[in-house]
Ligand code: GLU
């Protein structure tokens with residue numbers, strides 16, 4: 001019997017998402033339960049959006065949760081490299097094989113032509129799709145153009161009629177019509193692969209036997225299945241996991257719920273509780289108990305107990321469960337957990353320089369700097385009364401700074417200052433007009449230590465969270481405003 005091998009394949013393009021941790025947990029449990037291996041692969045072929053910082057955050061937050069992988073970019077393994085950006089030659093070779101076999105073809109269409117086709121299709125109320133223009137080219141001539149260095153992509157051929165039967169571990173057989181599949185680009189003009197080619201090639205070469213991924217990928221499954229067939233490879237067993245949802249049933253999004261694992265770490269959730277809660281997403285223990293450890297989950301794991309109902313990621317429920325975990329710690333463990341979280345020397349060393357000059361007794365530390373040790377802070381609208389700006393302008397400032405900070409990948413005082421300055425330039429305001437608002441939102445106090453330093457120390461998650469809370473308190477940003485303001489920001 002072949003060994004079970006599962007994987008997660010996150011793209012390092014933003015904050016480490018709770019959805020990634022959830023899929024990782026189920027893949028790890030499945031592999032462990034079968035005595036197999038769990039692999040982490042980084043899908044960073046989107047060179048513009050991918051970053052090493054984001055990759056590191058994925059490693060750190062999965063490890064914080066207690067998720068460990070047997071092979072990956074940072075731990076190595078026999079099937080490396082485990083970062084797609086380091087496997088370009090492998091994809092090129094495989095794209096060439098598909099072209100040779102006639103399953104894929106070079107496409108020389110210009111962006112202008114593709115736009116025209118798309119516009120015409122939209123006008124005729126058709127679903128936009130590639131019209132197959134270059135699929136009819138004579139292969140020998142096409143190869144000559146490629147050899148002459150003409151810019152091109154590689155597209156796959158797909159059947160034009162009939163249905164593809166996707167065998168899913170949870171749903172059984174799902175039929176998807178081939179007419180809904182586009183002649184997908186497999187290799188971009190820059191010579192790097194798209195998700196489809198890289199994912200199939202890697203899953204095969206890395207010996208992946210079971211793919212548990214989010215159900216947002218189900219509609220495109222036929223393209224992957226076709227690629228397995230074209231290569232003549234055995235397809236792994238597929239399992240499309242239900243998507244995490246907001247309490248209003250919409251897809252979990254950071255507009256409605258914080259989605260970064262690091263946010264929950266900074267808020268003081270225990271990793272065990274967080275992992276336990278993720279394990280409750282669409283899955284239950286045979287005896288339905290709510291609180292269980294990772295070892296217990298692995299011991300009782302059964303993929304067939306995943307229900308497709310659309311699990312709700314509810315922060316209140318998570319907090320309740322976290323409370324259970326906290327209360328069941330011994331007093332000693334509780335003190336250790338608190339110390340590890342923020343009452344530690346490292347954190348104190350960051351705060352101390354800003355506090356030292358402002359206190360006369362050590363007992364003044366807590367009143368002055370207590371906001372460093374909380375998640376949100378108590379805010380009142382009075383804190384945001386402004387000498388020069390009316391309440392709409394105040395909201396606009398908070399929203400602009402928040403957007404700028406949300407886009408920030410490197411978090412330090414200089415970068416934060418640059419975001420605030422850019423907001424000032426855009427709205428024709430001075431730094432001293434903006435800073436009192438930052439002060440109020442971040443510290444919840446009328447005076448304290450330097451707020452730019454405080455934001456740098458608090459980190460992106462808590463800083464953004466507090467700005468969001470302030471915005472909400474002041475009435476939030478309406479859809480109409482968001483549209484107009486986003487435009488202003490983009491100009
Ligand atoms: N890179 C994809 C993602 O970021 C992987 C999806 C899959 O598991 O195939 O979700």
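Just so you know, all these numbers are worked out from the coordinates, no wet-lab data involved. Quick caveat, the model's predicted, so the values are computed rather than measured. Reconstructed Cβ throughout: ideal geometry from the backbone, glycine too, with neighbour counts over all protein chains shown.
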Between the helical axis of 345-356 and the dominant principal axis of the chain, each derived from Cα atoms, what acute angle in degrees is found, rounded to the nearest 10?
40
Please report, in whole Å, how far the alpha carbons of the chain spread along each principal axis, starting with the longest.
82, 57, 38
Taking the Cα centre of each part, how many Å lie between the range 280-311 and the range 243-267?
20
Quote the FRET efficiency, to the nearest 0.05, computed for residue 228 versus residue 386 with a Förster distance R0 of 45 Å and r equal to the Cβ-Cβ distance.
0.15
Distance in nm between label sites at residue 288 and residue 179, each 7 Å beyond Cα in the beta-carbon direction?
4.5
Roughly speaking, what is the centre-to-centre gap between the range 418-491 and the range 1-64 when only Cα atoms are used, to the nearest Å?
33
Pop the C-beta distance of residue 317 and residue 119 into the FRET formula with R0 = 41 Å and round what comes out to the nearest 0.05.
0.30
Full extension between residue 96 and residue 216 adds, at 0.36 nm per residue less the Cα distance, a length in nm of 40.3 nm
Mean separation of Cα contacts under 8 Å, 6 or more apart, over the residue count of the range 385-491: relative contact order %
33
The relative contact order of the chain, taking Cα pairs under 8 Å that sit 6 or more residues apart, comes to a percentage of 13
Residue 88-residue 426 pseudo-label distance in nm [points 7 Å out on the Cα-to-Cβ vector]:
3.4
Pseudo-spin-label distance residue 486 to residue 250, built 7 Å along Cα→Cβ, given in nm, is 1.2
Quickly estimate the mean residue ellipticity at 222 nm for the chain, helices only: each DSSP H run with n ≥ 4 gives -39500 (n - 2.57), and the total goes over all residues, rounded to 500.
-14500 deg cm²/dmol
Looks like the range 70-211, by Cα gyration tensor root eigenvalues a ≥ b ≥ c and the a/c under 1.5 rounded cutoff (else prolate when a/b is bigger than b/c, oblate otherwise), is oblate
Taking only Cα atoms of the range 11-125, radius of gyration then Dmax in Å
19.2, 55
The range 1-87, relative contact order [Cα under 8 Å, separation at least 6], %:
34
Protection proxy (average C-beta count within 10 Å per residue), highest first, orders 57-65, 463-471, 442-450, 44-52 as 463-471, 57-65, 442-450, 44-52
In degrees rounded to 10, the 0-90 angle between helix 195-205 Cα long axis and the longest Cα principal axis of the chain is 80
Using only Cα atoms, find the angle between the long axis of helix 391-406 and the longest principal axis of the chain, and express it within 0 to 90 degrees, rounded to the nearest 10.
50
